[in-house]
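Everything on this sheet refers to the single structure shown next.
Computed from the coordinates by the stated procedures, all read-outs in this text should not be read as laboratory data. Values in this document were obtained by computation on a predicted structure and should not be read as measured data. Here the Cβ positions follow ideal geometry from the backbone for every residue, glycine too, while neighbour counts run over all protein chains shown.
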Amino acid sequence: MLTLGFETSCDETACAVVRDGHRVLSNAIATQTELHEGYGGVVPEIAGRAHVERIIPVMRRSVSDAGVSLRDIDAVAVGHRPGLIGSLLVGVSASKAAALALGVPLVGVDHVQAHLVAGTLDTNEDPPMPALGLVVSGGHTAMYYIPSLIEARRLGSTRDDAVGEAYDKAATILGLQYPGGPRLDKLAQHPAADPYSIEFPVSRLEDGSLDFSFSGLKTAMLYAVKGVPVRKGRPGPPPPPPLTDVRVRDLAASFQRAACHAVMLKMGRALEALADGGIECRSILAGGGVTANSRLRKELTSLATERNLELCLPKMAYCLDNAAMIAALGGRRFMAGVHDDLTLRAHPSSDIPAYTVL
Ligand code: KG4
Ligand code: ZN
């Protein structure tokens, strides 16, 4: 069963061919990083126009890399939510045209849910269910209860910044180039970097909350670099130490420790809350750009080992946005008898239902 997947939710134009919902035959991506670099973030208008230019060549490349012909495709999948609307529309239109021309079903896929199956790509056996899901990316930070690989229920999500967004903003404050997350991670890994040099805040929110908050961490980085603002009637705070290379890598390592701790704290809470509600998770599924982070990968591995859970972590190539995960989830939904029709629409937001742990 071959699925052709389309992904255009943000700034990557991607197409992939996946067999039987997990075996990746091709994973073509045209990145737009160079188009947005000078703006310090993704410019939606530029992203949408670039998708239009790239989508057909990328689709052709994915089919030829897979060594198949378009006529062999059994279903077309598309990430139709959430994302930048002008970008999503390009993928949705292209996927409808492909499904119509090939006479095969169209399957709409939630991009965030697709990140959760990225760890199953190119593996031989599916992880045991139920699972606790974690999506950590530039646009999303949330945890999910996963009863099966094609279902997800949201347990909690960020109330402000996504963790990848906090990484990118912290990196900009440190003077690193966009997208700064991977650059900050690299500095934090320097053998002489001290993750305990600065005590950055770890947001816990209310007792038992499964939501996240990263805006305080980002502001703390701003204050550590630029100095604490002067308050009326108070003595001026001491100026911050100069931003030497040593200080930059210590700040990076300390930020990384706090950011990962904030994620892991909530993962522990979620496992306990689910267990209290009678749901014993058997695996952890994690996905999204920040699962490429060196420290987070280690901490997730330790948590899974401690709790005797199977960890389903994407290979590096499948952490960031890609169409293989879209084709995988679309293929799995199609094999389970679910598909959409040509009235499928693009939506800026996700509609994964919330799950309240009692
Ligand atoms: O999943 P993704 O490609 O896009 C969204 O759906 O948002 O994630 C991109 C995010 C960016 O914020 C990037 O800085 C972050 O993932 N990222 C990292 C690392 N690699 C990518 N953050 C921390 N450490 C990394 N190694
Ligand atoms: Zn993503």
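A few comments on the model shown:
- GNM result for the chain, Cα springs below 10 Å: residue of ASP168, ASP20, ASP11 fluctuating most strongly: ASP20
- Computed from the C-beta positions of LYS186 and ASP160 and an R0 of 25 Å, the FRET efficiency is 0.45 to the nearest 0.05.
- By the Kirkwood approach, averaging reciprocal distances over each pair of separate Cα atoms, region 246-358 gets a hydrodynamic radius of 17.0 Å.
- The alpha-carbon of LYS298 sits under 22 angstrom from the alpha-carbons of these lysines, leaving out residues fewer than 8 places away in its chain: LYS186, LYS266, LYS315.
- When DSSP beta bridges are restricted to pairs lying wholly in the chain, around 60% turn out antiparallel.
- Mean separation of Cα contacts under 8 Å, 6 or more apart, over the residue count of region 17-147: relative contact order %: 21
- Choice from ALA193, ALA171, ALA327 with maximal GNM fluctuation in the chain (Cα, 10 Å cutoff): ALA193
- Gaussian network model of the chain, Cα within-10 Å springs - most flexible of PRO179, PRO201, PRO239: PRO239
- Sites ILE46 and ILE85, calculated FRET efficiency, Cβ-Cβ separation with R0 22 Å, nearest 0.05: 0.95
- Annotation for region 292-317 versus region 134-202: alpha-carbon center distance of 15 Å.
- Here the gap between GLU199 and ILE279, fully extended at 0.36 nm per residue and compared with their Cα-Cα distance, gives a gain of 25.3 nm.
- Between LEU222 and THR31, the distance separating the two model label sites (each 7 Å from Cα on the Cα→Cβ line) works out to 2.8 nm.
- Separation in nanometres of the label points that stand 7 Å from Cα toward Cβ, at SER209 and ASP245: 4.1
- The mean of 1/r over all pairs of different alpha-carbon atoms in the chain, once inverted, gives a Kirkwood hydrodynamic radius of 21.0 Å.
- Sequence of ARG333, ARG234 once ranked by neighbouring C-beta atoms within 10 Å, starting from the fewest: ARG234, ARG333
- Counted by neighbouring Cβ atoms within 10 Å, the residues TYR145, TYR355, TYR223 run from fewest to most as TYR223, TYR355, TYR145.
- Distance from region 28-44 to region 217-235 (C-alpha centre basis), Å: 31
- Note on LYS315 and SER64: the model spin-label points, each 7 Å out from Cα along the C-beta direction, lie 2.3 nm apart.
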